[in-house]
1. Given the criteria in a loop (DSSP other than H, G, I, E, B) and open to solvent by less than 80 Å² (accessible area, probe 1.4 Å), does P50 qualify?
2. Looking at region 26-38, I want the residues that are without any contact (Cβ under 8 Å) to a residue 12 or more places away in the chain and closer than 11 Å to P50 by Cα and have a partner that is of a type outside the set (D, E, K, R) and open to solvent by less than 40 Å² (accessible area, probe 1.4 Å) with Cβ atoms under 6 Å, at least 6 apart or on another chain. Which pairs are those?
3. If V14 passes every condition in (1) open to solvent by 60 Å² or more (accessible area, probe 1.4 Å); (2) more than 30 Å from G2 (Cα to Cα) but one, which one does it miss?
4. Filter region 30-42 for residues that are surrounded by fewer than 15 Cβ atoms within 10 Å (Cβ to Cβ) and part of a helix (DSSP H, G or I); which is farthest from the chain's Cα centre (by Cα)?
Amino acid sequence: PGMIVSLSLVFLSVMKELPLTMLLAPPGFETLSMNIWQYTEEAMYASAAPYALVVLGVSALFVGVLVFNERGAA
């Protein structure tokens, strides 16, 4: 259980780390956070919304797993 929680926390923090993603991504490689940033930079919020909802949904899923595991361990 500790490894699952650790992996989940690392995944959540890496998924939202935009500067590191932009520096390490190969040319032409698109990620969710890069798409959100590109669309919001040009004030195209409706186009950025689906990507932002995916990030929120995945984050909520992993937070739910963490909370569920915490309640099971207590």
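The values are calculated or read from the model by the stated rules, or taken from the named source; none is laboratory data. Please read all numbers here as calculations on a predicted model, not as lab measurements. Note that each Cβ is placed from the backbone with ideal geometry, even for glycine, and that neighbours are counted across all protein chains shown. These accessible areas exclude ligands, DNA and RNA; they are computed on the full protein's heavy atoms, side chains included. Shrake-Rupley method; radii C 1.70, N 1.55, O 1.52, S 1.80 Å.
1. It is false that P50 is in a loop (DSSP other than H, G, I, E, B) and open to solvent by less than 80 Å² (accessible area, probe 1.4 Å).
2. From residues that are without any contact (Cβ under 8 Å) to a residue 12 or more places away in the chain and closer than 11 Å to P50 by Cα, there are no pairs.
3. (2)
4. The residue in question is E41.
So that you can scan it fast, the table gives a plain yes or no per residue for (1) aromatic (F, W, Y); (2) open to solvent by 90 Å² or more (accessible area, probe 1.4 Å); (3) closer than 22 Å to S6 by Cα:
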{"position": "G28", "(1), (2), (3)": "no, no, no"}
{"position": "M44", "(1), (2), (3)": "no, no, no"}
{"position": "L56", "(1), (2), (3)": "no, yes, yes"}
{"position": "A60", "(1), (2), (3)": "no, no, yes"}
